[in-house]
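So the structure is just underneath, and the comments pick up after that.
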Amino acid sequence: MEKESINFLQKSIKTYQGFKNSITKRIIDSSDVVYENQFLDDGTIKVMIDQLKKDYSSIQKELEILFSVNDSELFNQYLYEQQEVKYLIAFYASNNPQNIDYCLELIDNINIDFKDCLLAIKDFEQNNYKSSFLRFYNYFSQNRKLLEHYIINKYYGILLYKEMQYDQAIIFLQKAVEKRPEDKDLHIILKEIYEKKGLLIESGIEESILTILSGVK
């Protein structure tokens with residue numbers, strides 16, 4: 001009887017070690033995945049969010065198992081992974097302003113300054129342009145890298161245009177165009193900026209793009 005118990009215990013330990021190793025491998029493998037896409041159309045965003053939700057559900061189940069076997073080190077690693085997935089869902093879902101409240105709630109317990117961008121989007125939607133501009137300005141003053149995000153670049157680009165900071169506006173609006181090249185509003189504003197700066201060639205290019213987007217031959 002004692003021998004059977006020992007064999008059972010050894011088998012359980014071996015099973016758990018195999019499970020632990022497989023989780024560790026998945027964490028390492030997932031760190032190589034880059035959640036980035038050139039175009040952020042609605043269909044692409046939906047596919048990415050659906051996959052992230054599956055990842056979140058999978059991580060949640062594994063966290064429950066890790067909690068039951070009292071592996072605090074791996075549990076904390078997976079907890080961090082779960083927060084990262086939450087952030088990514090909020091990042092992509094916020095490309096649709098209608099999702100902002102959901103996104104803010106999703107990352108409410110995560111200490112990241114990306115919340116400033118979400119609040120800036122919300123302010124913009126509520127026509128609080130001054131507050132929106134200040135939130136974006138504060139964020140990008142601390143984070144010099146452009147985000148792979150359609151709405152953030154569009155809204156901040158528009159606000160910079162309103163502030164007559166044309167050179168900066170071009171940078172953000174062009175980034176938004178990378179994500180949604182079919183957005184006429186972006187090309188209209190870029191055309192106006194180029195005209196104000198006397199960049200006639202660039203203005204002409206935007207005019208041609210608008211003609212194509214309007215379906216005029």
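Over the stretch 90-212, the reciprocal of the mean inverse Cα-Cα separation, the Kirkwood hydrodynamic radius, stands at 14.9 Å. Looking at the square roots a ≥ b ≥ c of the eigenvalues of the Cα gyration tensor of the stretch 140-217, which shape do they give, rounded for a/c under 1.5, prolate if a/b is larger than b/c, or oblate? Oblate is the answer for the stretch 140-217, as a/c is 1.5 or above yet b/c matches or exceeds a/b. Of 212, 193, 107, the sequence from fewest to most neighbouring Cβ atoms within 10 angstrom is 212, 107, 193. Neighbour counts of other Cβ atoms within 10 Å put 135, 180 in the fewest-to-most order 180, 135. Cβ crowding within 10 Å, taken as a proxy for footprinting-reagent exposure, orders 155, 166 from fewest neighbours to most as 166, 155.
Read-outs throughout are calculated quantities, based only on the coordinates presented, and are distinct from any laboratory measurement. Model, not experiment: these values are computed from the prediction. Neighbour counts are summed over all protein chains in view; Cβ atoms, including those assigned to glycine, are modelled from backbone coordinates with ideal geometry.
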